[in-house]
Amino acid sequence: MYSIDDFAELKLQELEKKSLRRRLASTARRDRGTTERDGKSLISFCCNDYLGLSKHPQVKKDAIDALSNYGVGAGASRLVTGNHPLYESLERGLAEIKSTEAATVFGSGYLSNLGIIPSFMGSNDLCIGDELCHSSLHAGMQSSRAKVQLFRHNDMENCKSILTSLRGSYEKCLLITEGVFSMDGDRAPLLNLCNLADEFDSWLFVDDAHGFGVLGNGAGSAAEAGVGSRVDLQMGTLSKSVGSYGGFLCGSQPVCNLAVNRARTLIYETGLPPASVAASLASLKLIKNDSGLVSRPLKKARYFTNQLSLPEAQSAIVPLILGQPKDTLAASAQLMEEGFLVTPIRPPTVPAGTSRLRFTFCADQPDEDIEMLIQCIRKLGIAG
Ligand SMILES: *Cc1c(COP(=O)(O)O)cnc(C)c1O
């Protein structure tokens, strides 16, 4: 047998050859989209802090107060002694903004998906997910041991034909999608999915990592689509528009209670740092009360797509698909030379042949910076 170092080197060389090797770069995010990397100041268009709340004075203050009151760490899992009092307020706040009966907070969005799906689905059941679902949803489906079938992205005919042929052979069925797709920025047809779920006696799970705080006046994609009360499992993250860290499930009281009893990622994991929970709570108040703030990322994204004659943005995320990893790396490098940070997205994050630049727009990004980015993209001829 060869050594583990040789194995690692070989795998890395393979990735390098395909332009798929990834490297961590030390990156300091400053105010209003400014970012420092390698001593260079760059204007970033690749951050998920859509509302700039990770740096909001009130959010920081509440985090510091919580740190002083409760210490740095939770000290135990939530079911032991890690359930500090801030959790209850946060869960009440989440349920309120989502108009659900209850909410359960998890350690992260990834851990939410990994814990929730197996809490409800098992080996006699069927999970039908959009093919572009986030890695954490695939992980959740796999670990549930249910039969997993993917449908073509946002293709309701394809979803229906899978339901028609398979639904009858399984006990329970869960349809799984994202409110806003993380690498494409488009929205799922939630009304159609609700109708399909009803027609085929199935439940619906929506991961709204990128819709919460941005669409539906802050309440997210389901609210925007007018189906908030029809989505059984509404998942989101506290790490994007909320600017903090953690994940959540909103749903009925029995649903949330069962998640607490069955989700291994909640039961066997230390609670969130109190400061993170306090920060989320402060952000939530701002999201609830400042509709101007909440509407800004989409407005900025739409200005960008209109100016460059791209399909109109449906969220804060705008992809520019270039195809091959090599071309995508080159375009990103060119933009970096001009002072812009736009990360290249390559397989396996996106399907082969669809490598892309992914732009995200945040509320606190100066319009002048977006204008400069547009000029630069035109000059470089990147947008076709
Ligand atoms: C970011 C993301 C997650 C994971 O959330 P974290 O809080 O970062 O772990 C889950 N689903 C989707 C669609 C995401 O974009």
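Bear in mind these aren't lab numbers, they're just calculated from the coordinates by the rules spelled out. Note that the structure is predicted; figures quoted are calculated from it, not measured. So basically every Cβ, Gly included, is an ideal-geometry build from the backbone, and we count neighbours across all protein chains shown.
Around the Cα centre of the range 94-250, unit charges on the Cβ atoms of Lys, Arg, Asp and Glu (plus for the first two, minus for the last two) sum to a dipole of about 260 debye.
The packing ranking of peptides 143-152, 205-214, highest mean first, is 205-214, 143-152, where packing means the average number of other beta carbon atoms within 10 angstrom of each residue.
Between LEU24 and ASP201, the distance separating the two model label sites (each 7 Å from Cα on the Cα→Cβ line) works out to 5.0 nm. Based on Cα contacts under 8 Å between residues 6+ apart, the range 242-384 shows a relative contact order of 21 percent. Pairwise Cα separations in the range 294-346 fall into 10 Å bins from 0 onward with the following percentages, short to long: 24, 42, 32, 2. Mean sequence separation of contacting Cα pairs (under 8 Å, at least six apart), scaled by the length of the range 56-289, corresponds to a relative contact order of 32 percent.
If the segment from LYS17 to LEU67 were pulled out straight at 0.36 nm per residue, it would be longer than the present Cα-Cα gap by 13.4 nm.
When peptides 248-256, 195-203 are ranked by their average number of other Cβ atoms within 10 Å per residue, the highest-first order is 248-256, 195-203. The smallest convex shape that holds all Cα atoms of the range 161-252, its convex hull, gives 104 Å³ per residue. Straight-distance candidates among the lysines for linking to LYS240, with alpha-carbon spacing under 18 Å and chain neighbours fewer than 8 residues away dropped: LYS55, LYS60, LYS98, LYS285, LYS288, LYS299, LYS300.
Setting aside same-chain residues fewer than 8 positions from LYS172, which lysines have a Cα under 20 Å from its Cα? Partners found: LYS147, LYS160. Roughly speaking, what is the centre-to-centre gap between the range 213-254 and the range 301-338 when only Cα atoms are used, to the nearest Å? For the range 213-254 versus the range 301-338, the Cα centre distance is 27 Å. From the Kirkwood radius over Cα pairs of the range 1-94, Stokes-Einstein at 25 °C and 0.890 mPa s returns a whole-number translational diffusion coefficient of 136 µm²/s. Where the centre of each part is set by its Cα atoms, how far does the range 146-190 sit from the range 112-141, in angstrom? Rounded to whole Å, the Cα centres lie 11 Å apart. Every Cα-Cα pair of the range 87-222 was included, and the share exceeding 18 Å stands at 55 percent.
Panel values: the range 264-358, Kirkwood radius from alpha carbon pairs, Stokes-Einstein at 4 °C and 1.567 mPa s, translational diffusion coefficient 79 µm²/s.
Looking at the range 155-276, the DSSP beta bridges with both ends there are about 40 percent antiparallel. The string of couplings for the range 51-68 from the Karplus curve (6.51, -1.76, 1.60, θ = phi - 60°) is 10, x, 6, 5, 10, 5, x, 5, 5, 5, 5, 5, 5, 5, 4, 5, 4, 5 Hz, one whole number per residue in order, with x for Gly and Pro. The stretch between SER41 and ARG378 holds 119.1 nm of extra length on full extension. This uses 0.36 nm per residue minus the Cα-Cα distance.
Once the Cα-Cα distance is subtracted from the 0.36 nm per residue extended length, the ALA8 to LEU329 segment shows a gain of 113.3 nm.
Inverting the pair-averaged 1/r between distinct Cα atoms of the chain gives 21.8 Å as its Kirkwood hydrodynamic radius. Here the range 56-289 carries DSSP beta bridges of which approximately 40% are antiparallel, counting only pairs with both residues inside. What are the lysines whose alpha-carbon lies under 19 Å from the alpha-carbon of LYS326, with same-chain residues fewer than 8 places away excluded? Partners within reach: LYS11, LYS17, LYS18. Taking a sphere under 11 Å around the Cβ of TRP203 and counting the other residues whose Cβ falls inside, with K and R at +1 and D and E at -1, yields a net charge of -2. Annotation for the range 76-147: chymotrypsin sites (Phe, Trp or Tyr not before Pro) lying in DSSP loop with at most 15 further Cβ atoms inside 10 Å of their Cβ do not exist.
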